[in-house]
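Data block below; observations after.
The values are calculated or read from the model by the stated rules, or taken from the named source; none is laboratory data. Keep in mind it's a predicted model, so treat the numbers as computed, not measured. Cβ atoms come from the backbone with ideal geometry, glycine included; neighbour counts cover every protein chain shown. For the accessible areas, the whole protein counts, side chains as well, though only heavy atoms, and no ligand, DNA or RNA atoms are used. Shrake-Rupley method; radii C 1.70, N 1.55, O 1.52, S 1.80 Å.
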Amino acid sequence: MTYSAADNRYETMPYRRVGRSGLKLPAISLGLWHNFGDDKRFEEQRDILRRAFDLGVNHFDLANNYGPPDGSAETNFGRHLRDDFKPYRDELVISTKAGYYMWPGPYGEWGSRKYLISSLDQSLQRMGLDYVDIFYSHRPDPETPMEETMGALDYAVRSGKALYAGISSYTPGQTLEAARILKELGTPLLIHQPSYSMLNRWTEDGSPSLYEVLDQVGAGSIAFSPLAQGMLTDRYLHGIPEDSRAAKARFLSEDSITEEKLDRVRGLRKIAEGRGQSLAQMAIAWILRDQPKGSPVTSALVGASSVRQLEDTLSAINNLSFTDEELTAIDEFAVESDINLWKQNA
């Protein structure tokens, strides 16, 4: 059956301006890191994407190595674009990244101009696109000069292969340097994609903090892993399920799920219950909370393994307000828990 998007798709989802740019993103965006490779039925992927767009999620986030296997998420997404979303391309924000290992040899990862531009060309081919809306340097490269990496992002924009430039997992200092170089080249830094959750608050630390830097340079942010790889759900409160990421040691190990951390999760769940939300919904709402200078987070990046999970997660937008008492209570349990798996890349 031919897909026709819901007429009311923009009536409930809030949209937030990205820094000082003209672009807006939905408060919640859909990441295709998991569940869109060849290990997931194509029909299930289609149902998730259709429902997401019908509910106002018009930003889909990918990377060259998403799968499995690497690249398959972009290939599958390209099929969904051709089948369902081609008429809506101008309504969509599609992003991709390059930085992690993708192919063998000296030019298959990190931040060289050779790798980034080659990877972007491959991503466009897999998705059947002329351009992506945002192209990211997926991680900082300790050996390649920042001028080369940012120069590649600038070239991607000037060549028309991308509309905006972004970075991910860069420290505050690296972010300042990247923004300075991009500004001099004439391609402003649009957005930073850091990991951020109630158990991973590194973006708030330092002087200046990452969020203070982004405010200074006029860039936005989109927080990935807002549920701390599933820890900020009920998933691990009664043991480690066999099909979980922790059991499979995928980005989260069993050793990292300590009783101390679970006690924090239980405390946060109790607060969520008092708000009439699930823990996952509150975790997303907290990411998007207002602060004295406004929310530093433009969008929360979530995954979904089913339509039901997607709808449950998106319900977080129904209650984004917190009282001072709730925030104080949350801060008792929402403390740094050493789960920033991407810290070494910064």
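Of all the residues in the stretch 195-228, those that are farther than 13 Å from L176 by Cβ and crowded, with 18+ Cβ neighbours inside 10 Å number 17. Has the stretch 34-49 got any residue that is under 18 Å from the mean Cα position of the chain (by Cα), free of Cβ contacts under 8 Å to residues at least 12 places away in the same chain and either closer than 20 Å to L227 by Cα or not in a loop (DSSP other than H, G, I, E, B) (or both)? Within the stretch 34-49, none of the residues are under 18 Å from the mean Cα position of the chain (by Cα), free of Cβ contacts under 8 Å to residues at least 12 places away in the same chain and either closer than 20 Å to L227 by Cα or not in a loop (DSSP other than H, G, I, E, B) (or both). All but one of (1) open to solvent by 20 Å² or more (accessible area, probe 1.4 Å); (2) modelled with pLDDT of 90 or more; (3) not in a helix (DSSP H, G or I) hold for R250, so report the exception by its number. Checking R250 against (1) open to solvent by 20 Å² or more (accessible area, probe 1.4 Å); (2) modelled with pLDDT of 90 or more; (3) not in a helix (DSSP H, G or I), the one that fails is (2).
Taking each residue of the stretch 62-73 that is farther than 17 Å from L120 by Cβ and looking for partners that are in a loop (DSSP other than H, G, I, E, B) and of a type in the set (F, W, Y) with beta-carbon atoms closer than 9 Å, six or more apart or interchain, yields G67/F36; S72/F36; S72/Y66.
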